[in-house]
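Data first, discussion second: the structure below is written as structure tokens.
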Amino acid sequence: MAHHSSAKKRIRQTAKRRLRNRYYKKSTRTAIKNLREMTEKKDAEKFLPKVVSMIDRLTKNNQFHKNKAANLKSKLTKHVSGL
């Protein structure tokens with residue numbers, strides 16, 4: 001149990017940040033899944049930049065490793081161009 005006020009504040013901040021990170025990461029994973037399930041090339045081409053942007057945002061905050069992000073973007077782009 002934290003006794004210092006700064007430690008209590010740090011616990012509050014960490015909990016808030018954890019929930020926010022979880023939300024963004026989960027919504028990105030869902031968007032990736034939805035993009036992979038798309039069959040219309042026109043729709044997928046519109047949706048791809050949004051998904052790439054989400055992946056880049058997570059990478060910037062160190063929630064995705066930069067190599068994982070590069071692999072994801074590459075595979076998704078390949079998938080869309082192959083439709």
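Leu72 is checked against (1) assigned to a helix (DSSP H, G or I); (2) exposed (fewer than 12 other Cβ atoms within 10 Å of the Cβ); (3) touching a residue at least 40 places away in the same chain (Cβ under 8 Å) and fails just one. What number does that condition carry?
(2)
Quick one: Thr39 ticks every box in (1) more than 30 Å from Met1 (Cα to Cα); (2) β-branched (Val, Ile, Thr); (3) surrounded by 11 or more Cβ atoms within 10 Å (Cβ to Cβ) except a single one, so which number is it?
The failed condition is (3).
Please work out which residue is nearest to the chain's Cα centre (by Cα), limiting yourself to region 40-81 and to residues that are of a type in the set (Asp, Glu) and more than 17 Å from Lys25 (Cβ to Cβ). Working first, answer last.
Initial filter on region 40-81 (of a type in the set (Asp, Glu)): 40, 43, 45, 56.
The next check asks that each one be more than 17 Å from Lys25 (Cβ to Cβ); those that pass are 40, 43, 45.
Values: Glu40: 23, Asp43: 20, Glu45: 18 Å.
Taking the candidates together, the pick is Glu45.
Cβ-Cβ distance below 7 Å, separation of 6 or more or different chains: which pairs start in region 20-40 with a residue that is free of Cβ contacts under 8 Å to residues at least 60 places away in the same chain and within 19 Å of Gln63 (Cβ to Cβ) and end on one that is part of a helix (DSSP H, G or I) and β-branched (Val, Ile, Thr)?
What qualifies is Thr28/Ile55; Ala31/Val51; Ile32/Val51; Leu35/Val51.
Per-residue answers, yes or no, for (1) modelled with pLDDT of 95 or more; (2) part of a helix (DSSP H, G or I):
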position: Lys26; (1), (2): yes, yes
position: Lys46; (1), (2): no, yes
position: Val51; (1), (2): yes, yes
position: Phe64; (1), (2): no, no
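The values are calculated or read from the model by the stated rules, or taken from the named source; none is laboratory data. Fair warning: this is a prediction, and the values are worked out from it, not measured in the lab. Neighbour counts run over all protein chains shown; Cβ positions are idealised from the backbone, glycine included.
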